[in-house]
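Heads up, the thing below is written out as C-alpha cells.
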Amino acid sequence: MEGDRISKSVKSKIQKLIKQEIKKIREDINISVKVGDTILTGRFKNKKVVVKSIGTDEHGMPTINGKKVVTFRLLKEMSMDNLKQIDKYADSKIGVDVVLTGKHFFDRLNDPRNKKEISDAELTGFFKRLARNKKKFLEFLQKYQQIVAKDRRTQINIPFMTQSNKVIAKTIMRKDDFKTQNPILTI
C-alpha cells in the first residue's frame, strides 16, 4: 500500500514536470489576420482571397482556409481614412478641390497589378511634386479638360479630369509605359 502512494505521488510530480516542459516548448505564432480580411495567395501572391477560417494543421501549425500560412503574404491596403487625409492635403497644395475618394480610384489604388503597393508616403510625395508644377497642371487641365499626371520617381500615373470647379482623379496605377490618348504632364 505504501508503494502505491509513492508511485502515485511520483507519477503526479512527473506529470507536472512534463506539463511545465510542454508549456516552455510551445510557440506562440501571432498573425494579424482576422476572418473577413483579404490576403494575397497563390504562387506569386497576387490572387485576392477572403479569409473564411483560421485553424491549425496536424502539426499544430496555423492554417488559413485550410492552407498553410507560409503560402500567403498580407495585403497592405491603404484605408479610406488615409486616402481622405491625402485628399485634404492635395486640396491644400493644389488650391482646388481634388477628388481622390471615388470607388474606382480607391479600388485601383489597392490593386495587386500595381506590383509594389502604392503607399501613403508615395501618394503624398506625388501631390507635393505636382504642387511644384501647380500652374502648369492647372493650365493643362483648363486647356485639355483631361490629362494624365505621370511621376518619374515612382512611376505612378493618375488621369485627371475637370468637372465644374473640381479636379477628379479617375484612376491610379504604377506603370512604366502607361498608354493614353490624353496629354501627359510629367512631374
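Odds and ends about this structure:
- Matching residues, the stretch 35-46, being exposed (fewer than 13 other Cβ atoms within 10 Å of the Cβ) and at pLDDT 85 or above: Val35, Gly36
- Within the stretch 97-106, being in contact (Cβ under 8 Å) with a residue 24 or more places away in the chain and part of a helix (DSSP H, G or I) holds for His104, Phe105, Phe106.
- Residue within the stretch 57-71 that is of a type in the set (Val, Ile, Thr), modelled with pLDDT of 80 or more and either assigned by TED's automatic domain parsing to the domain that holds Val167 or touching a helix residue (DSSP H, G or I) at 6+ places or on another chain (Cβ under 7 Å) (or both) present: yes
- The residue pairs whose first member lies in the stretch 134-151 and is surrounded by 19 or more Cβ atoms within 10 Å (Cβ to Cβ), whose second member is part of a helix (DSSP H, G or I) and aromatic (Phe, Trp, Tyr), and whose beta carbons are closer than 9 Å, counting only pairs six or more residues apart or on different chains, are Ile147/Phe137; Ile147/Phe140; Ala149/Phe126; Ala149/Phe137; Ala149/Phe140; Asp151/Phe126.
- Restricting attention to the stretch 154-186 and to residues that are of a type in the set (D, E, K, R) and over 21 Å from Gly95 (Cβ atoms), the residue that is farthest from the chain's Cα centre (by Cα) turns out to be Lys179.
- Within the stretch 138-153, the presence of at least one residue that is modelled with pLDDT of 90 or more, over 22 Å from Thr38 (Cβ atoms) and within 21 Å of the chain's Cα centre (by Cα) is confirmed.
- Screening Gly125 with (1) of a type outside the set (D, E, K, R); (2) modelled with pLDDT of 90 or more; (3) over 20 Å from Lys175 (Cα atoms) gives one miss only, at (3).
The values are calculated or read from the model by the stated rules, or taken from the named source; none is laboratory data. Bear in mind that the values here come from a model prediction, so they are computed numbers and not experimental data. Note: ideal-geometry Cβ built from the backbone for every residue, glycine included; neighbour counts use all protein chains shown.
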